[in-house]
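First comes the structure, then the notes that go with it.
We did not get these values from a lab; they are worked out from the coordinates using the rules stated. This is a predicted model, so every value here is computed, not measured. Counting neighbours? That spans all protein chains shown, and the Cβs are built from the backbone with ideal geometry, glycine included.
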Amino acid sequence: MSGGHVLALSGGVGGAKLAAGLAAVLPPERLTIAVNTGDDFEHLGLTVCPDIDSVVYALAGLNDTVRGWGVADETWQMMGMLRRLGGEDWFNLGDRDLAMHLQRSAGLRGGETLSQVTARLAAALGIGAAVVPMSDDAVRTQVLTEAGWLDFQRYFVGEQCRPVVRGFRFQGAEQARMAPGLAAALARVDLAAVVVCPSNPYLSVDPLLAVPGVRAALLALDCPRIAVSPLIGGQAVKGPLAKLIGEIAPGGEGNALIANHYGTLLTHLVIDRRDDADAEALRGRGLSVTVTATLMRESADRERLAREVLAAIGME
């Protein structure tokens, strides 16, 4: 695969799949994956970073592809005992997954930054590509519902996305600084492309863009900025996106909604074959459009899509 460095922007499950595909087809020194940390929260005295863990597990080949999150072959003995003891059991932590949170939390308490902890844990799992948080400072996504503001995990897991959503905010974003790995990737003279993985634009990508300097740096780049749409057949594949679109963007249609949301941030958009009818209108607004199969069920799908994304912007 020829060309320069690639910066991927990723959320959790959907984004992690393409991130793993990119890691499979690019040499590790040519890839930086910057991950949303707006979903992070403190639970049972531990710092939990769901999107970072989804990316790390996917790159390490440890992710549970059936459940869609967490570690494969997981067991739940700790959760069972926690329930017997009357502890908070609304957020499941598997026995194998728990080791990640313990190690991360110990490192943070010992004075390491989130970037340093993430790099150390990723290396321990044999990951060569740089996996970096969007910021080492705390940024917390909150969801405005009819009942008021809810922390993201309470909305997503505790309430199972049931409350109607009216808006979002990213607490701490205004004071946050880009993580060193993200800042370094954006400043590289050999940065050849930015890939926005098929993550939830509102909940996974917007928090990353809310970190001061990120959006401006992306817009200033003289290289392709390509996104893979999270929609297939006009619908979200998984997670709360379909419900959110109906609540915060009523009347929005398919990939036009994605293009409108990102605006001039993108130069290219990859859409699924089932959305081929959207291509002409998208091209009419100045976007380059690639139409292909975007559903990633297996590793072969992830690698094929990664190659097609890179080929679409001349990085064959």
Problem set entry | Residues within segment 63-77 that are assigned to a helix (DSSP H, G or I) and crowded, with 16+ Cβ neighbours inside 10 Å, tallied | 0
Problem set entry | Filter result for ALA60 (farther than 29 Å from VAL211 by Cβ, out of contact with any Cys (no Cβ under 6 Å at 6 or more places or on another chain), of a type in the set (A, V, I, L, M) and surrounded by fewer than 24 Cβ atoms within 10 Å (Cβ to Cβ)) | no
Seminar exercise, completed: From the option list ASP190, ASP206, single residue qualifying as surrounded by fewer than 19 Cβ atoms within 10 Å (Cβ to Cβ) and not hydrophobic (A, V, I, L, M, F, W, C) is ASP190
Problem set entry | Of all residues making up segment 207-227, the number that are in contact (Cβ under 8 Å) with a residue 40 or more places away in the chain and closer than 23 Å to ASP51 by Cα | 11
Exercise. Using beta carbons and a limit of 8 Å, which pairs, at least six apart or on different chains, have the first residue in segment 168-187 and on the phi > 0 side of the Ramachandran plot and the second one buried (at least 22 other Cβ atoms within 10 Å of the Cβ)?
Worked result: GLY172/VAL139
Exercise. What is the one condition in (1) under 19 Å from the mean Cα position of the chain (by Cα); (2) closer than 17 Å to ASP206 by Cα; (3) surrounded by fewer than 21 Cβ atoms within 10 Å (Cβ to Cβ); (4) not basic (Lys, Arg) that LEU219 does not satisfy?
Worked result: (1)
Problem set entry | Cross-chain or 6+ apart pairs with Cβ under 8 Å, segment 71-87 first and under 17 Å from ALA99 (Cβ atoms), then among the acidic types (Asp, Glu) and loosely packed, with under 11 Cβ neighbours inside 10 Å | LEU82/GLU88
For this session: Scan segment 21-45 for residues that are more than 14 Å from ALA193 (Cα to Cα), of a type outside the set (D, E, K, R) and assigned to a helix (DSSP H, G or I) and jot them down.
Result: GLY21, ALA23, ALA24, VAL25, PRO28
Exercise. Quick one: what pairs do we get from segment 32-57, first residue closer than 15 Å to GLN142 by Cβ, second among the acidic types (Asp, Glu) and part of a strand (DSSP E or B), C-beta under 7 Å, 6+ apart or different chains?
Worked result: PHE41/ASP151
Exercise. Out of curiosity, is VAL117 over 18 Å from the mean Cα position of the chain (by Cα), of a type outside the set (Ser, Thr, Tyr), surrounded by 14 or more Cβ atoms within 10 Å (Cβ to Cβ) and farther than 30 Å from ILE245 by Cβ?
Worked result: yes
For this session: For segment 128-151, enumerate the residues that are surrounded by fewer than 21 Cβ atoms within 10 Å (Cβ to Cβ) and in contact (Cβ under 8 Å) with a residue 40 or more places away in the chain.
Result: GLY128, ASP137, ALA138, ARG140, ASP151
Exercise. Is one or more of the residues making up segment 165-183 basic (Lys, Arg) and under 24 Å from LYS17 (Cα atoms)?
Worked result: no
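For every residue, the table says whether it meets (1) surrounded by fewer than 20 Cβ atoms within 10 Å (Cβ to Cβ); (2) in contact (Cβ under 8 Å) with a residue 24 or more places away in the chain; (3) assigned to a helix (DSSP H, G or I).
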position	(1), (2), (3)
VAL270	no, yes, no
ASP275	no, yes, yes
ALA281	yes, yes, yes
GLY286	yes, no, no
VAL289	no, no, no
ARG304	yes, yes, yes
GLY314	yes, yes, no
For this session: Please indicate, with yes or no, whether at least one residue in segment 11-33 is out of contact with any Gly (no Cβ under 7 Å at 6 or more places or on another chain), among the polar types (S, T, N, Q) and crowded, with 19+ Cβ neighbours inside 10 Å.
Result: no
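Please go through segment 100-130 and give me each residue that is part of a loop (DSSP other than H, G, I, E, B) and among the hydrophobic types (A, V, I, L, M, F, W, C), ordered by number.
Passing the criteria: LEU125, ILE127, ALA129.
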For this session: Being over 22 Å from ALA119 (Cβ atoms), surrounded by 15 or more Cβ atoms within 10 Å (Cβ to Cβ) and within 17 Å of the chain's Cα centre (by Cα) narrows it down to one of LEU182, LEU241, so name that one.
Result: LEU241
